[in-house]
Amino acid sequence: MRFLILILLVLFGSVAQSQVINIETMRKKTDSAKWIGSLSLDASFIKNKNSIFKIANKAHIQYNNSKELWLFVNDLKFEKAAGESFVNKGTQHLRYNHRLTETVKMEAFAQAQYDAISEIDFRGLLGIGPRFKLSSNDDYRFYLGTLIMYEYEKASKIEANNVNENLRASTYISLASTLQKP
């Protein structure tokens with residue numbers, strides 16, 4: 001097992017690039033509840049000398065049973081003042097984990113993003129790879145994951161060839177701990 005982890009680190013670690021969003025911080029540890037999540041919708045409109053309009057939507061929904069984990073994250077933001085957009089971006093992320101053994105899971109994900117202010121019309125990611133449980137108990141969880149992903153990005157006005165397609169790799173280490181009072 002350690003040899004396999006070392007090989008995967010060597011293969012994927014040299015070309016690893018960071019993710020735009022950190023999904024590890026969004027994984028929730030559940031006990032007997034299979035469903036966990038949160039939804040929010042914020043909106044405001046202020047009219048004085050200028051009009052200011054803001055709207056934001058966030059969703060975080062997770063389903064977890066003994067064999068599978070489904071995670072959906074949605075984050076949309078739009079802000080406009082005096083007829084000009086200051087924020088217009090969104091991210092949707094869907095992740096699936098399937099437990100193969102007690103220490104190995106296979107995970108796959110799809111992600112879509114846009115950011116009008118940064119002139120990113122669409123950025124899509126599709127990825128797959130193993131996730132290894134290195135150690136865990138009631139107080140902490142320690143994981144290593146390696147992913148291979150396809151990236152498609154269409155940008156407006158940034159460069160002459162405004163479509164980029166890449167094959168990328170990502171390696172991550174995740175340590176999550178529960179703090180308790182003494």
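The values are calculated or read from the model by the stated rules, or taken from the named source; none is laboratory data. Only a predicted model underlies this, so the values are computations on that prediction, with no experimental measurement involved. Cβ atoms come from the backbone with ideal geometry, glycine included; neighbour counts cover every protein chain shown.
Among the residues of the stretch 95-113, those that are over 15 Å from residue 149 (Cβ atoms) and crowded, with 18+ Cβ neighbours inside 10 Å comprise 97, 105. Checked against the criterion of being basic (Lys, Arg), touching a residue at least 60 places away in the same chain (Cβ under 8 Å) and more than 23 Å from residue 92 (Cβ to Cβ), the stretch 120-139 has no qualifying residue. Pairing residues of the stretch 75-96 that are touching a residue at least 60 places away in the same chain (Cβ under 8 Å) with residues that are assigned to a strand (DSSP E or B) and aromatic (Phe, Trp, Tyr), at Cβ distances under 6 Å and at least 6 apart in sequence or on separate chains, gives 95/109. Residue check: residue 128 meets all listed conditions (1) within 24 Å of residue 177 (Cβ to Cβ); (2) modelled with pLDDT of 90 or more; (3) loosely packed, with under 15 Cβ neighbours inside 10 Å but one, namely (1). So residue 23 clears everything in (1) within 19 Å of residue 92 (Cα to Cα); (2) among the aliphatic types (A, V, I, L, M); (3) at pLDDT 90 or above except one condition, right? Which one? With respect to (1) within 19 Å of residue 92 (Cα to Cα); (2) among the aliphatic types (A, V, I, L, M); (3) at pLDDT 90 or above, residue 23 is out only on (3).
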